[in-house]
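Note sheet for the following structure.
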Amino acid sequence: MTKETFTKLILENEEIMFRLAMSMLKNEADAQDAVQSAILSAYEKLTTLKNEDFFRTWLMRILINVCKMQLRHRKPVAELTDIQTAITSSTEEVEVRAAVEALPLKFRQVVILYYTQQLSTKEIASILHIPKGTVLSRLDKARKLLRTELE
């Protein structure tokens, strides 16, 4: 893969990467750091990518690993609610967002990848290194949890 192709693919996926990192880290600065670290790591490991068709999946997997590492090393801090978002968003949207954020990580990941990133279950399975059936069952369980929480 050429540097130009790599750059083009990174630019195409940068927004999706940021949204995924935000969903996991819940902090803009940490999400930006994670995206940059993932891009650097991807560039350094570019020779390990066997098939360019799977670049996006490969890149998202790197990003998830970077985010997980940041979460492991994160010191506990009191989180503040983003008041501006709450003011500008509808009450229902805020409730749904809060319910999704309250999901356990394994369910939250598949919900975000499926609904906000609009990835297929096959792509999600590849990114998370789990069977497609597990993705489907996690989506089902997450929907049930969300339905219960929002009722």
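The values are calculated or read from the model by the stated rules, or taken from the named source; none is laboratory data. Treat the numbers as computed from the prediction; the structure is a model and nothing was measured. Every residue, glycine as well, gets a Cβ built from its backbone with ideal geometry; the counts of neighbours run over all protein chains shown. When the accessible area is computed, the model is the full protein with side chains, heavy atoms only, and any ligands, DNA or RNA have been set aside. Shrake-Rupley method; radii C 1.70, N 1.55, O 1.52, S 1.80 Å.
The table below lists the values:
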{"quantity": "Given (1) open to solvent by 70 Å² or more (accessible area, probe 1.4 Å); (2) over 17 Å from the mean Cα position of the chain (by Cα); (3) not hydrophobic (A, V, I, L, M, F, W, C), number of the condition Thr5 does not satisfy", "calculated": "(1)"}
{"quantity": "Hits in region 39-52 (condition: open to solvent by 50 Å² or more (accessible area, probe 1.4 Å) and either within 20 Å of Thr116 (Cα to Cα) or not hydrophobic (A, V, I, L, M, F, W, C) (or both))", "calculated": "Tyr43, Glu44, Lys45, Thr47, Thr48, Lys50, Asn51, Glu52"}
{"quantity": "Failed item, numbered, when Met60 is tested on (1) farther than 15 Å from Gln117 by Cβ; (2) surrounded by 13 or more Cβ atoms within 10 Å (Cβ to Cβ)", "calculated": "(1)"}
{"quantity": "Residue in region 97-151 that is nearest to Asn13 (Cα to Cα), counting only those that are open to solvent by less than 20 Å² (accessible area, probe 1.4 Å) and not in a helix (DSSP H, G or I)", "calculated": "Gln117"}
{"quantity": "Hey, Gln36 among the polar types (S, T, N, Q), open to solvent by 100 Å² or more (accessible area, probe 1.4 Å) and closer than 30 Å to Leu103 by Cβ or not", "calculated": "yes"}
{"quantity": "Residues that are charged (D, E, K, R), closer than 17 Å to Thr7 by Cβ and in a helix (DSSP H, G or I), drawn from region 40-67", "calculated": "Glu44, Glu52, Arg56"}
{"quantity": "Cβ-Cβ under 7 Å pairs, at least 6 apart or on other chains, region 1-19 side among the charged types (D, E, K, R), far side not in a helix (DSSP H, G or I)", "calculated": "Arg19/Gln117"}
